[in-house]
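As structure tokens, the structure follows; a few thoughts come after it.
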Amino acid sequence: MEFSKKAMEIAPSITLNITAKAKELKAKGIDIVSFGAGEPDFNTPKNIINKAILAMEEGKTKYTATSGIQELKEAIVKKFKTDNDLEYKTSQIIVSTGAKQCLANAFLAILNKGDEVIVPVPYWVSYPELIKLADGVPVYVNTGKENDYKFTVEKLKEALTDKTKGIILNSPNNPTGTVYSKNELIEIAKFAEENNLIIISDEIYEKLVYEGEKHISIASLSNYAYMNSIVINGLSKSSAMTGWRIGYAAGCEEVIKLMTSIQSHMTSNTNSITQYASVEALNGPKDELDKMIKEFDKRRKYMIDKLTSIKDISIIRPKGAFYVMVDISKYYGKKFNDEEINDSLTFSKILLENKDTAVIPGIGFGLDQYIRLSYAISIENIEKGLNRIEKFLSELK
Ligand code: PMP
Ligand code: GLU
């Protein structure tokens, strides 16, 4: 069988692979601590689960409109108005099978062969591959430690060519946890306008912010940004619904229509039961979300305190999402037994094999000096895992 060159050039998701590997080892009875998790460790709130059961009992188990049921799109419109000061009509909304599918739809809708999309480093693993699947070209922009790895207009200018079609913005950011300020976003929106660029704004972690940070949607900052942004969001993180597969996107009517047309041939509608439950997630009480945020914040602080006390590592201080990036490069060149460590993949592999602790190698995000640790796991496991990492580091010679 001869395969597609494009498909063979796509790297499988490293985040999902490592998380699955850790779960597999755990199922075999090994006492694994997994910092891989890109998902809340809480169950979906009961009121949402109950609405799903009700939907099934009421026979809401059929195909729906491709772009989503009207009630859900209305709830999404209300959410954008209340949380982001954005006015959309329901015809400007599409509901998809995860924010991941929204992103895939968006790239397929806007890219022609060879079009470039600026991707700031570090980036979430799936952006480059999704751009390539849509025949686009990811163009990486190096950010920098001094700016907490947030990109600036100066950096964007360096990457600009006559093929640049769009830029990706992900705030709060996976993997760094940094949050862009209003002024930073205004500058990026101006730059996009001057160069006629589309902004793909991935806001999936918007609810998970700490230290008084406030999430602002770039689409709300100018008329150009409103008309030329595709805002991506979902309930995976904010309502602990990763397995339900629910995401949504908003943009101008024309782009949403194209995304809907693409989706109508790919997956049709998002699972109908998930959609009915998601209406409750958006319109119902948010006390479980508040509890989850408080718990993540507690773990975040614990993690920062402990990590900053470990010799020869440094971190990017996260103010959003649930990850910490840890710079381990001072240990590069050292050996564990006879194996030399010079990159994040080798570091993560040896750590897992010898200390039963799973982390995501920074190379997956384009930053090979780092590993990513998720704090969507219990404090007890964080403590156990960090002790193991500290011991591992002390054994490197
Ligand atoms: N964007 C970012 C930055 C993510 O970390 C994730 C991972 N969940 C997604 C999008 C996709 O989320 P989902 O498909 O579960 O909605
Ligand atoms: N987004 C999460 C992560 O970065 C979940 C895994 C994935 O979808 O890639 O770990």
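The values are calculated or read from the model by the stated rules, or taken from the named source; none is laboratory data. Values in this document were obtained by computation on a predicted structure and should not be read as measured data. Cβ: placed from backbone, ideal geometry, glycine included. Neighbour counts: every protein chain shown.
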Report task. Mind listing whichever residues of region 1-39 are within 18 Å of TYR123 (Cβ to Cβ) and part of a loop (DSSP other than H, G, I, E, B)? Result -> GLU9, ILE10, ALA11, PRO12, SER13, GLY36, GLY38
Query raised in the report: Which members of region 120-133 meet the condition of being part of a strand (DSSP E or B) and either at pLDDT below 95 or charged (D, E, K, R) (or both)?
Result: none
Query raised in the report: With GLU340, GLU353 as the choices, which residue is out of contact with any strand residue (DSSP E or B) (no Cβ under 9 Å at 6 or more places or on another chain), at pLDDT 95 or above and more than 24 Å from TYR180 (Cα to Cα)?
Result: GLU340
Query raised in the report: Would it be correct to say that LYS81 is farther than 30 Å from LYS23 by Cβ, out of contact with any Pro (no Cβ under 6 Å at 6 or more places or on another chain), basic (Lys, Arg) and in a helix (DSSP H, G or I)?
Result: yes
Report summary line: Checked region 170-190 for anything within 16 Å of ligand 2 (Cβ to nearest atom) and in contact with a helix residue (DSSP H, G or I) (Cβ under 6 Å, 6 or more places away or on another chain); matches are PRO175
Query raised in the report: Which members of region 334-351 meet the condition of being under 19 Å from SER34 (Cβ atoms) and surrounded by fewer than 20 Cβ atoms within 10 Å (Cβ to Cβ)?
Result: LEU345, THR346, LYS349, ILE350
Requested in this report: Show the residue pairs that are 6+ apart or on different chains and have beta-carbon atoms under 7 Å apart, the first residue being within region 35-49 and hydroxyl-bearing (Ser, Thr, Tyr), the second being assigned to a loop (DSSP other than H, G, I, E, B) and within 16 Å of ligand 2 (Cβ to nearest atom).
Outcome: THR44/SER239; THR44/ALA240; THR44/MET241
Report summary line: Of the residues in region 191-212, those that are of a type in the set (A, V, I, L, M) and within 16 Å of ligand 2 (Cβ to nearest atom) come to ILE200, ILE204, LEU208
Report task. Report whether or not ASP290 is in contact with a helix residue (DSSP H, G or I) (Cβ under 6 Å, 6 or more places away or on another chain), surrounded by fewer than 24 Cβ atoms within 10 Å (Cβ to Cβ) and either under 21 Å from LYS79 (Cα atoms) or among the acidic types (Asp, Glu) (or both). Result -> no
Query raised in the report: Of the numbered conditions (1) closer than 25 Å to ILE389 by Cα; (2) assigned to a helix (DSSP H, G or I); (3) more than 16 Å from ligand 2 (Cβ to nearest atom); (4) charged (D, E, K, R), LYS51 satisfies every one except a single condition; which is it?
Result: (1)
Report task. Could you tell me which of the residues GLY59, GLY68 is touching a Ser or Thr at 6+ places or on another chain (Cβ under 7 Å), outside any helix (DSSP H, G or I) and away from ligand 2 (no atom under 16 Å from the Cβ)? Result -> GLY68
Query raised in the report: Among the candidates ILE94, ILE76, which residue alone is outside any helix (DSSP H, G or I), within 14 Å of ligand 1 (Cβ to nearest atom) and on the phi < 0 side of the Ramachandran plot?
Result: ILE94
Query raised in the report: How do the pairs read when you match residues in region 15-27 that are closer than 22 Å to PHE365 by Cα and away from ligand 2 (no atom under 12 Å from the Cβ) with residues anywhere that are modelled with pLDDT of 90 or more and part of a helix (DSSP H, G or I), using Cβ under 9 Å and keeping only pairs 6 or more apart or on different chains?
Result: LYS21/LEU352
